[in-house]
Each structure stands twice: as C-alpha cells, then as structure tokens.
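Below: the structure, in structure tokens.
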Amino acid sequence: MQVLIDNFDRLLEAFLTTFRLFLVAGGLSLVFGTILAGMRVGPIDVLSKAAAFYVTVFRNTPLLVLLLLVVFGFPKLDINLGYFWMNILALTMYTSTFVCEALRSGVNSIPLGQAEAARSVGLGFTQTMQNVVLPQAFRAVVPPLASVLIALTKNTSLCSVFGMAEATALMKGLLNDNTSQLWWIFGGIALGYIVIVELISTVAGLLERHWRIA
C-alpha cells in the first residue's frame, strides 16, 4: 500500500496521460468512423468500396503493427508528429474501423422508409444522413460504441512501448523497483482502469436513458 501512497503523484500523472490518449483518440475515432460509415452506406460506389477496403485492412491489422509502422515508419519519411500524436494516429486508424462498423449496423437498423421520406421532401443524401438517419443510428448503437471505447482504453496500454509514460509504463517501473509489493501495484493500476471504464459505462447509460425518454 505504501508504494501507492509514495507514488500517488506519478500515478495521477500516468492516468491523466492514459485519459488524454483515450479522449483524443476516442473523439477522433468517432468523427472518422462516422465519415467512414457514411461512405460505406453512401450511393457513390467508389467511396463505398474505398471505405470497405480501409475497414477490412485496418480492422484486421494488429494495433501493435500499426503502432510500429507509424512510430518508426513516419520519421523515416521525415514526418515527425511527436510520440503523443503518432500514438493517437495509430489508435485512431484502428479504432475508427470498429466505430464505422458499429454505426453501419445502426444505419442498417433504421427502416428504409425513413430515408425515402427524407428524400421525398427534397433532402439530399448528406442532409438525410445528418438530420434523419445518423441521429437514430447513434441511439441504437450506444452500447456497442461504449464497448469500442472501453477496448480503446485498454489498447492505450500498448502506447507504453512507444514513448508514452502512461499507466502501464508506470506499472512496469514500479514493479521493477518494488517487487515485494506486486499485488498492491497491480491492484492500484487495475483500480484506475476500472474507474475509467465505469466512467465510460455511466456516460453511455445516461445517454441511452436520455435518448430513450426523448
């Protein structure tokens, strides 16, 4: 227990780094995943196939491989974004594919008559998606999107290998210096992750109840 008390400031800083990775990558993944979903269900065949190809490739590529390609490959191309943004880029490239597929399933659950009614009053594809289809799709996929974001939280642990002093990196350091307090260190780090996961679940539950009432 003493090791957690003595290193509380380091623990707080490490989990703030983890939370920043989650927030930024999660926000970008939601935006890019929504764009991919729109491309996949859209009427333009080239864009639909391009989005499907992207999702197939990046969803089935291990995140560790993407991190390796971005963190070590970009500097070879004279692209230096800094460790934080290179990790964010890899996380976004990977997570956005799962957001896309979750949203696509939500879009497919909307009755076809909704889109036909929107088109009958003169709305184009973009307006129909923005004002009619996507709001309903988001309501339908809150639980799977929450699962995707929870998985993202866990995936940030891989960033410890690529220059990020987040929670998992701190755990490794503490274990090396305090082998006799292994279970306290494991327990403290696990509790921090549980808090983040519970926060995501709580927000998702509140959104789901709000939209159900609305």
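Laid out as a table, the results:
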item: Segment M1-I79, extension gain: residue separation times 0.36 nm, minus the distance between their alpha carbons; result: 23.7 nm
item: The range 150-214 pair-distance distribution - Cα-Cα, 10 Å bins, rounded %; result: 19, 38, 24, 12, 5, 1
item: P(r) weight above 19 Å for the range 97-208, C-alpha pairs, percent; result: 61
item: Where labels lie 7 Å past Cα in the beta-carbon direction, separation of A190 and V46 in nm; result: 5.3
item: All-pairs alpha carbon distance profile, the range 46-158, 10 Å steps from 0, percent; result: 13, 33, 30, 17, 7, 0
item: Alpha-carbon centroids, the range 5-77 and the range 159-214: separation in whole Å; result: 19
item: Dimensions in Å of the chain - Rg and Dmax from alpha carbons; result: 20.3, 70
item: Charge-dipole axis of the chain as Lys and Arg at +1 and Asp and Glu at -1 on Cβ define it, positive-most pick from I79, A137, I5; result: A137
item: Helical mean residue ellipticity (222 nm; -39500 (n - 2.57) per DSSP H run of 4+; nearest 500) of the chain; result: -26500 deg cm²/dmol
item: GNM flexibility winner over the chain from T34, T126, T92 (Cα, springs under 10 Å); result: T126
item: Summed residue charge, Cβ within 14 Å of I196's Cβ, Lys/Arg positive, Asp/Glu negative; result: 0
item: At least 27 Å along the helix axis (C-alpha) and Kyte average at least -0.5, DSSP helices within the chain; result: 8-41, 83-108, 182-213
item: Equivalent ellipsoid semi-axes, the range 1-58, via Cα gyration tensor eigenvalues times 5, rooted, Å; result: 42, 10, 6
item: Size of electric dipole in the range 1-127: Cβ of Lys, Arg +1 and of Asp, Glu -1, about Cα centre, debye, nearest 20; result: 320
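Computed from the coordinates by the stated procedures, all read-outs in this text should not be read as laboratory data. Quick caveat, the model's predicted, so the values are computed rather than measured. Note that each Cβ is placed from the backbone with ideal geometry, even for glycine, and that neighbours are counted across all protein chains shown.
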